[in-house]
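Only one structure is covered here, and it is reproduced in the block below.
The values are calculated or read from the model by the stated rules, or taken from the named source; none is laboratory data. The structure presented is a predicted model; accordingly, all values stated were derived computationally and were not measured. Cβ placement follows ideal geometry from the backbone for every residue including glycine, while neighbour counts extend to all protein chains displayed. With ligands, DNA and RNA removed, areas are computed over all heavy atoms of the protein, side chains included. Shrake-Rupley method; radii C 1.70, N 1.55, O 1.52, S 1.80 Å.
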Amino acid sequence: MKQVLISNDHGATVLKRRIKTHLEARGYQVKDLGVQDESSVDYPDVADQAVAEFKKGGYDFGVLLCGTGIGISIAANRHGGIRCALLYDSFGAKMSKEHNDANFIALGGRVHYHEAVEDIVDAYIDAEFEGGRHERRVDKLK
């Protein structure tokens, strides 16, 4: 079964539930490491916990959520081997996989997206890493 992990801080509890439901409908087993309410937590800690779990293996990708997606994506990208793409639309989602082989995506619970978040997530999921010249570039990030 396809597996994904999802984690969030207090700024994205509603968005987390929405994305989790969508991923499950697409056949993913979702490991939820995030908070369930709006009690304040620190996004670097949330990202660190998610990355540590991801590095154990077995996950297709991870989803990180905070108020804007910015802080949590920065925190995740501090870790070697993590390529977390901050997404705002389907085009960026598709490119993050095709060209950058992103293994995490980040979104914001307080962001007003111009398209359905589910469509953005689907664009990422449905894309495939193209390799070739992009692989050479991704290798330079390692």
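General remarks:
- Meets criteria (without any contact (Cβ under 8 Å) to a residue 60 or more places away in the chain, out of contact with any Lys or Arg (no Cβ under 9 Å at 6 or more places or on another chain) and not in a loop (DSSP other than H, G, I, E, B)) for residue 115: no
- Where residue 13 falls short, out of the listed (1) of a type in the set (Ser, Thr, Tyr); (2) in a loop (DSSP other than H, G, I, E, B); (3) out of contact with any Lys or Arg (no Cβ under 9 Å at 6 or more places or on another chain): (2)
- Residue 140 being over 16 Å from residue 23 (Cβ atoms), of a type outside the set (Phe, Trp, Tyr) and open to solvent by 10 Å² or more (accessible area, probe 1.4 Å): yes
- Scanning region 53-67 for residues that are in contact (Cβ under 8 Å) with a residue 12 or more places away in the chain and either in a loop (DSSP other than H, G, I, E, B) or open to solvent by 40 Å² or more (accessible area, probe 1.4 Å) (or both) returns 55, 58, 59, 60, 67.
- Test for residue 101: is it in contact (Cβ under 8 Å) with a residue 24 or more places away in the chain and touching a Phe, Trp or Tyr at 6+ places or on another chain (Cβ under 7 Å): yes
- Of all residues assigned to region 77-98, at least one qualifies as being open to solvent by less than 40 Å² (accessible area, probe 1.4 Å) and part of a strand (DSSP E or B).
- Selected residue (only one of 112, 134, 99 is in contact with a His (Cβ under 6 Å, 6 or more places away or on another chain) and over 27 Å from residue 1 (Cα atoms)): 134
- Residue that is surrounded by the fewest Cβ atoms within 10 Å (Cβ to Cβ) [pool: residues in region 8-30 that are more than 10 Å from residue 63 (Cα to Cα) and among the charged types (D, E, K, R)]: 24
- Residue check for residue 70: aliphatic (A, V, I, L, M) and surrounded by fewer than 17 Cβ atoms within 10 Å (Cβ to Cβ): yes
- The residues of region 99-137 that are open to solvent by 10 Å² or more (accessible area, probe 1.4 Å) and in contact with a strand residue (DSSP E or B) (Cβ under 7 Å, 6 or more places away or on another chain), listed by number, are 100, 103, 109.
- Taken over region 37-52, the residue count meeting the criterion of being in contact (Cβ under 8 Å) with a residue 24 or more places away in the chain, among the small types (Gly, Ala, Ser) and surrounded by fewer than 24 Cβ atoms within 10 Å (Cβ to Cβ) is 2.
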